[in-house]
Amino acid sequence: MSRQAIDPARAADYPANIQAILKRQAPCSAWLNQELLEIDAETGFARIAYELGEPHFNRFGALHGGAIACVMDDVLAVAAGLVLKWGEIAPTLEMKVSYLSQGGAGRHIAEATVLKRGRQINFLEAKLSTASGKTIATATATIMIAPLKK
């Protein structure tokens, strides 16, 4: 793999989806405090940090399952976008999240990888961990490759 750390000052050196994120982050990604860390465009790998806290909690003071699913969809979308051509998008057709441990406030690291590329359908997997390495959740997803409608 040829992984490369993300340097916002070198935005033009990255695939189109990363350039777009660095130019203007999606509101949901900003709510999750997304920080791009590392990619491998050849294999469709993305590592992203998320700073999660009280806005992402359930009533019991733990990370809300919906917020975790949101993180998973976000990192999976970034990985999926790495293998697209210009003018294509990667909408999620389905996603399964397995919640393995309760999460709390702090920095979390999510990684996603394209497992299988097809002509119109790609399969991916992801993992969300605390900064110390404890796995919080895993996910699998099926995404469709589609032209961007203007």
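FYI, it's all coordinate maths here, none of it is from the lab. The structure displayed is predicted, hence computed values, not measured ones. Every residue, glycine as well, gets a Cβ built from its backbone with ideal geometry; the counts of neighbours run over all protein chains shown.
Placing pseudo-labels 7 Å out from each Cα toward the beta carbon at THR138 and GLN120 gives an inter-label distance of 3.0 nm.
Between the alpha-carbon centres of region 41-81 and region 8-33 there is a gap of 15 Å. Kindly list the residues of region 112-133 that lie in the label zone of ASN58, defined by a backbone N under 19 Å from the point 7 Å along the Cα-to-C-beta vector. Zone members listed by number: 128-130.
Normalised by the number of residues in the chain, the average gap of Cα pairs under 8 Å and 6 or more apart makes the relative contact order 22 percent. Taking trypsin sites (Lys or Arg not before Pro) across region 95-140, the ones in a DSSP loop with at most 14 further Cβ atoms lying within 10 angstrom of their Cβ are ARG119, LYS134. Computed extension length for LYS150-THR130: 3.3 nm, one decimal, from 0.36 nm per residue of separation with the Cα-Cα distance subtracted. Shown here is the pair-distance distribution of the chain: with all Cα-Cα distances grouped in 5 Å bins from zero up to the longest one, the shares run 2, 10, 20, 23, 20, 14, 7, 3, 0 percent.
Adding -39500 (n - 2.57) for every DSSP H run of four residues or longer, then dividing by how many residues the chain holds, sets the calculated 222 nm ellipticity at -6000 deg cm²/dmol. Under the combined filter of DSSP loop state and at most 14 neighbouring Cβ atoms within 10 Å, region 19-82 retains these trypsin sites (Lys or Arg not before Pro): ARG24, ARG59. Here region 66-150 was treated as a single set of alpha-carbon atoms; its pair distances binned every 10 Å from 0 give 19, 48, 24, 9, 0 percent.
Can you pick out the pairs among LYS116/LYS149; LYS127/LYS150; LYS85/LYS116; LYS96/LYS134 whose Cα atoms lie more than 23 Å from each other? Long pairs (Cα-Cα over 23 Å): LYS116/LYS149; LYS127/LYS150. Counting neighbouring beta carbons within 10 Å and listing from fewest to most, the residues TRP86, TRP31 come out as TRP86, TRP31.
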